[in-house]
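The values are calculated or read from the model by the stated rules, or taken from the named source; none is laboratory data. Not measured: the values here are computed from a predicted model. Using ideal geometry, Cβ is built from the backbone for each residue, glycine included, and neighbour counts are taken over all protein chains shown.
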Amino acid sequence: MSEKKFDVTALGELLIDFTENGHSDQGNILFEANPGGAPCNVLAMLTKLGKKTSFIGKVGKDQFGSRLKDTLEEVGINTQSLRMDEKIHTTLAFVHTFEDGDRDFSFYRNPGADMMLTKDEVPMDVIAGSRIFHFGTLSSTHPGVREATRCALDKAKAERIMISFDPNLREPLWESLEDARREIAYGLGFCDILKISDNEMEFMTGTTDYTKGVQILRETYQIPLILVTLGKEGSRAYYKDWMVEAAPFIQENTIETTGAGDTFCASILDYVLEHGLEDLSQDQLKEMLTFANAAASLITTRKGALRVMPSKEEVLGFIQSFR
């Protein structure tokens, strides 16, 4: 790949995740305000791994928006393309965590500032100056920001920038699931790297046989690398005619799964940046998945993913501790 200003630029949502953090003396649930949003979680991990990153999105010109901007700069994500809306407040999400670490979301986003990004606010030079462009579908739930996302995708494709896609399905944010399915399908038509969860694969293909699901996707979309995350069952990479699996790293001290998929995704992108996408071997795919699974496992033991991403040395040491 030629020299670029940024390794990865991501477009999408940046918000505050209010996560449960114990109870007050009166027995009320206490919430901690954590910076969140899948695209920036991905960028935070990539930055921790030494990559140059940039974010395109919008927050409100309010206390939460200012805090989010400061946090991105603190972890090393470039914010030159972060806009601040004068009228609409920063998007908020309240996260309920179940005993097994899984989550349920309640969003305050009708509207939220992340929805207000317009195509005129998308910096084409930043996209052109990146090695990878990464996006999800939360920037396609409403017409204005959907147009901005598609404009960015068109630019990335025209510049032959590698495109990474994580559907990140959040059902409550869609007017209908058919809208969600249509926008995921649109993203599938652009990406070179797809990170998709087991439930998203079932949503798009109607099967829990994930190899069959990949075959269904490949009948329509030419996606060189497909990663399927399987939660406590590990992950798979589908590349050329191969399917490579890697076992999970199960821990007793898991707190929550927020950011695990994003940490996994970032680790994959880091590996592709280092090794390319053209001639990966099965051993390399296994190495890539193992690192990504371990990094994702580590983040489940920490609150507030964006600020507490593990270093490469931490992940490698963690892998060794399991051997």
Within the stretch 186-210, can you find the residues that are small (G, A, S) and either closer than 23 Å to F107 by Cβ or in contact (Cβ under 8 Å) with a residue 60 or more places away in the chain (or both)? G187, S197
Could you please give the count of residues in the stretch 1-40 that are modelled with pLDDT under 90, exposed (fewer than 15 other Cβ atoms within 10 Å of the Cβ) and among the charged types (D, E, K, R)? 2
So is S164 surrounded by 18 or more Cβ atoms within 10 Å (Cβ to Cβ) and farther than 20 Å from Q222 by Cα or not? no
Breaking point among (1) touching a helix residue (DSSP H, G or I) at 6+ places or on another chain (Cβ under 6 Å); (2) under 19 Å from R150 (Cα atoms); (3) of a type in the set (F, W, Y), for Y238: (2)
Kindly list, by first and then second residue, each pair from a residue in the stretch 256-269 that is within 15 Å of M288 (Cα to Cα) to a residue that is assigned to a helix (DSSP H, G or I) and among the acidic types (D, E), limited to pairs with Cβ atoms under 6 Å and residues at least 6 apart or on different chains. none
If we ask which residues in the stretch 263-317 are within 17 Å of K232 (Cβ to Cβ) and of a type in the set (F, W, Y), their number turns out to be 1
Given the conditions (1) surrounded by 16 or more Cβ atoms within 10 Å (Cβ to Cβ); (2) outside any helix (DSSP H, G or I); (3) modelled with pLDDT under 95, every one holds for L277 apart from (3)
K51 is checked against (1) in contact (Cβ under 8 Å) with a residue 60 or more places away in the chain; (2) of a type outside the set (S, T, N, Q); (3) in contact with a strand residue (DSSP E or B) (Cβ under 6 Å, 6 or more places away or on another chain); (4) closer than 14 Å to L15 by Cβ and fails just one. What number does that condition carry? (4)
At least 1 residues that are farther than 15 Å from L11 by Cα, in contact (Cβ under 8 Å) with a residue 40 or more places away in the chain and not polar (S, T, N, Q) in each: list the strands (runs of 3 or more DSSP E) lying fully within the stretch 81-153 that qualify. 92-97, 103-108
So which of H142, H89 ends up being of a type outside the set (D, E, K, R) and either within 27 Å of M201 (Cβ to Cβ) or surrounded by 22 or more Cβ atoms within 10 Å (Cβ to Cβ) (or both)? H142
I'd like to verify a number: residues in the stretch 41-51 that are hydroxyl-bearing (S, T, Y) and either under 15 Å from G304 (Cβ atoms) or surrounded by 23 or more Cβ atoms within 10 Å (Cβ to Cβ) (or both), how many? 0
Among the residues in the stretch 130-141, are any within 12 Å of G57 (Cα to Cα) and of a type in the set (F, W, Y)? yes
Subset of the stretch 280-313, residues in contact (Cβ under 8 Å) with a residue 60 or more places away in the chain, assigned to a loop (DSSP other than H, G, I, E, B) and either buried (at least 24 other Cβ atoms within 10 Å of the Cβ) or not polar (S, T, N, Q) (or both), comes to K303, G304, M309, P310
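Please go through the stretch 124-139 and pick out each residue that is under 15 Å from A266 (Cβ atoms) and small (G, A, S).
S130, G136
Could you check how many residues of the stretch 212-229 are loosely packed, with under 12 Cβ neighbours inside 10 Å and over 26 Å from D270 (Cβ atoms)?
Keep residues of the stretch 212-229 that are loosely packed, with under 12 Cβ neighbours inside 10 Å, which gives 219-220, 222.
Now restrict to residues that are over 26 Å from D270 (Cβ atoms): 219-220.
Qualifying residue count, the stretch 212-229: 2.
In the stretch 40-74, what residues are basic (K, R) and closer than 16 Å to S267 by Cα?
The initial filter retains those residues of the stretch 40-74 that are basic (K, R), namely 48, 51-52, 58, 61, 67, 69.
Correct list: K48, K51, K52.
Would you point out the residue of the stretch 157-198, among those that are more than 13 Å from G12 (Cβ to Cβ), outside any helix (DSSP H, G or I) and hydroxyl-bearing (S, T, Y), that is modelled with the lowest pLDDT?
Ranking the candidates gives S176 first.
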Expected output for the stretch 224-239 (first residue at positive phi and touching a residue at least 12 places away in the same chain (Cβ under 8 Å), partner assigned to a loop (DSSP other than H, G, I, E, B) and crowded, with 18+ Cβ neighbours inside 10 Å, Cβ below 9 Å, 6+ apart or cross-chain) is G231/T257; G234/F249
